[in-house]
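The values are calculated or read from the model by the stated rules, or taken from the named source; none is laboratory data. Please read all numbers here as calculations on a predicted model, not as lab measurements. Using ideal geometry, Cβ is built from the backbone for each residue, glycine included, and neighbour counts are taken over all protein chains shown.
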Amino acid sequence: MQIVTSIDDLRALTRATRRDGGSIGLVPTMGNLHAGHHSLVALARERASLVVASVFVNPTQFGPNEDFARYPRTPDEDARGLAAHGCDVLFLPDVATMYPLGADDGVRVCVPGLSDVLEGAIRPGHFDGVATVVSKLFNLVQPDVAVFGRKDYQQLLVIRRLVLDLCFGIEIVGAPIVREEGGLAMSSRNQYLDAGQRQAAREVHATLRAMVGEFREGERPLEAIEAGASRRLVEAGFAPDYAVFRNATTLAIPGPDVREGLVALVAARFGGVRLIDNLAVDDPAP
Ligand code: PAF
């Protein structure tokens, strides 16, 4: 695996692949990689002759009181893991490379509507930062396919809309969530939790399963299931931001008679950490 930090070196590699008729798969990450990220690399590997992963902790997607400064940075370990999972190129830019005009003063990309609800309402500007850095990565790498995890469900929808509306012509693959034993969705932020908290954090996935189970029984209105899920999280020591059903493509609030095409989404704070997870109601094996 080659490690590049400059745009020129990155472009030399991608140009050579395209000249030889090869295809390019991109896996954008913020590093501190775990099995979930490695599964994204595996999906890119199946689809492209050159797999590029980026590791960049993107300042513009963090709010002023969020964890940008302490976000775990483990580039050596990341490089070893990526190489072992079949990645060809690791792009490791610094802030000046990604934001030549400065992180605060550069061009911003905004995906209105989808970016303003749920996570976007709680983390204003977050998805503008994501859409901006992902657009830059798409322009730099010009991949045929890019792989993102479904754990960040809203992010995936924002990126799909970005690709559609800015005519990027890139296939976006949404990778299944990889879970720890007991159901906790893998996340770099899980390491902020101690062993006991990590065990207790399984409650998020258990709540989602209960929501989807109740939905399938079809006896209680959606609002009642949502309220029950929030109560369950509070009783387990979480501070829920939301526990809701939404249209799986638009995130619109569903009408009372909708029976399919929904996703259950939970965000809750626990032990100083914000956990997000989701489960599609049509998922055959929740
Ligand atoms: O999902 C992430 O790790 C980040 O939001 C992404 C897509 C790499 C953009 O910084």
Which listed residue is more than 19 Å from the chain's Cα centre (by Cα), within 13 Å of the ligand (Cβ to nearest atom) and not aromatic (F, W, Y), from P100, P93:
P93
When both residues are 6+ apart or on different chains and their Cβ atoms are under 8 Å apart, which pairs have a first residue that lies in the stretch 69-81 and is closer than 13 Å to S54 by Cα, and a second that is surrounded by fewer than 17 Cβ atoms within 10 Å (Cβ to Cβ)?
A79/M1; A79/I3
Count - residues of the stretch 136-159 that are away from the ligand (no atom under 12 Å from the Cβ) and of a type in the set (S, T, N, Q)
2
Qualifying residue in the stretch 206-221 (condition: part of a helix (DSSP H, G or I), within 16 Å of the ligand (Cβ to nearest atom) and either under 30 Å from L13 (Cβ atoms) or polar (S, T, N, Q) (or both)):
no
Search result, residues across the stretch 184-196 that are more than 15 Å from H34 (Cα to Cα) and either crowded, with 16+ Cβ neighbours inside 10 Å or under 17 Å from the mean Cα position of the chain (by Cα) (or both)
L193
Lone qualifier among V117, V133 - being hydrophobic (A, V, I, L, M, F, W, C) and within 10 Å of the ligand (Cβ to nearest atom)
V133
Could you list, in sequence order, all residues of the stretch 44-61 that are polar (S, T, N, Q) and either at pLDDT below 95 or more than 13 Å from the ligand (Cβ to nearest atom) (or both)?
S49
Quick check: is even one residue across the stretch 245-258 within 18 Å of the chain's Cα centre (by Cα) and closer than 15 Å to A210 by Cα?
no
Looking for whichever is away from the ligand (no atom under 11 Å from the Cβ), touching a residue at least 24 places away in the same chain (Cβ under 8 Å) and within 17 Å of F91 (Cα to Cα) here; the options are L40, L26, L33, L13. Which one fits?
L13
Within the stretch 1-33, how many residues are crowded, with 16+ Cβ neighbours inside 10 Å, assigned to a strand (DSSP E or B) and of a type in the set (S, T, N, Q)?
1
Quick one: which of G272, G237 is modelled with pLDDT under 95 and surrounded by fewer than 17 Cβ atoms within 10 Å (Cβ to Cβ)?
G272
Please give the number of the condition R259 fails out of (1) within 11 Å of T207 (Cβ to Cβ); (2) surrounded by fewer than 16 Cβ atoms within 10 Å (Cβ to Cβ); (3) not acidic (D, E).
(1)
Which residues, counting only those in the stretch 150-176, are more than 22 Å from R45 (Cβ to Cβ) and either more than 11 Å from the chain's Cα centre (by Cα) or not in a helix (DSSP H, G or I) (or both)?
R161, L162, L164, D165, L166, C167
Quick one: which residue in V178, V147, V158, V204 is surrounded by fewer than 21 Cβ atoms within 10 Å (Cβ to Cβ), at pLDDT 95 or above and among the aliphatic types (A, V, I, L, M)?
V178
Which of the residues belonging to the stretch 240-275 are on the phi > 0 side of the Ramachandran plot and in a strand (DSSP E or B)?
none
Whether any residue in the stretch 178-193 is of a type outside the set (S, T, Y), more than 30 Å from A48 (Cα to Cα) and within 16 Å of the ligand (Cβ to nearest atom) is what I want to check.
yes
